[in-house]
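The values are calculated or read from the model by the stated rules, or taken from the named source; none is laboratory data. The structure presented is a predicted model; accordingly, all values stated were derived computationally and were not measured. Note that we place each Cβ from the backbone using ideal geometry, even for glycine, and neighbour counts take in every protein chain shown.
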Amino acid sequence: MSDWRLNCTDRYERDHKQYEKKHPDELIAILNNLDFYFSALDKLGTPYLIKAGFIHPESHGIIAIDQKGGKRKVKLQQTRLYVYPDIQGKILHLLTIGDKNSQKMDIKFCINTVKQIKKENPND
């Protein structure tokens, strides 16, 4: 049993459904990478020690998890799952899923969401 919990934003839920229909291979790839990240987070207890080629730190403590890795027969579209690990609350917030075209908007959404999370939980 994990000490960490997952929390999904409404936007993540919508993105997940869209990727399930339109980009299922990309969704599977980032969810596999999320499984690795979540398992490592549980073992190590801190996001700062987790290293992999598909993990990219962004500003404000946001982590981007992309579609790279694994053996695939098809080339996947660049896709990123943005997460925020709340260390104090041990909650991994799944924020949004996007591609290169939506990257700037996605990061802006994530920053605003993380600010709101921190505002609601000032001990973070």
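Listed values, structure above:
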item	result
Selection status of Lys118, without any contact (Cβ under 8 Å) to a residue 40 or more places away in the chain, surrounded by 12 or more Cβ atoms within 10 Å (Cβ to Cβ), more than 13 Å from the chain's Cα centre (by Cα) and under 25 Å from Ser2 (Cα atoms)	yes
Out of Ala52, Ala40, sole residue that is surrounded by 13 or more Cβ atoms within 10 Å (Cβ to Cβ), part of a loop (DSSP other than H, G, I, E, B) and at negative phi	Ala52
Residue pairs meeting the criteria (Cβ under 6 Å; at least 6 apart or on separate chains; first more than 15 Å from Gly69 (Cβ to Cβ), in the range 22-42; second among the aromatic types (Phe, Trp, Tyr))	Leu41/Trp4; Asp42/Trp4
Hey, Tyr12 among the aromatic types (Phe, Trp, Tyr), modelled with pLDDT of 95 or more and farther than 21 Å from Gln116 by Cα or not	no
Residue match in the range 87-99 (condition: in a helix (DSSP H, G or I), of a type outside the set (A, V, I, L, M, F, W, C) and modelled with pLDDT of 90 or more)	no
Residue match in the range 105-124 (condition: over 17 Å from Leu34 (Cβ atoms), assigned to a loop (DSSP other than H, G, I, E, B) and in contact with a helix residue (DSSP H, G or I) (Cβ under 6 Å, 6 or more places away or on another chain))	yes
Where Ile107 falls short, out of the listed (1) among the aliphatic types (A, V, I, L, M); (2) at pLDDT below 95; (3) farther than 22 Å from Arg5 by Cβ	(2)
Count of the range 48-65 residues which are touching a Lys or Arg at 6+ places or on another chain (Cβ under 8 Å) and among the hydrophobic types (A, V, I, L, M, F, W, C)	3
Residue match in the range 55-77 (condition: surrounded by fewer than 14 Cβ atoms within 10 Å (Cβ to Cβ), at negative phi and in a helix (DSSP H, G or I))	yes
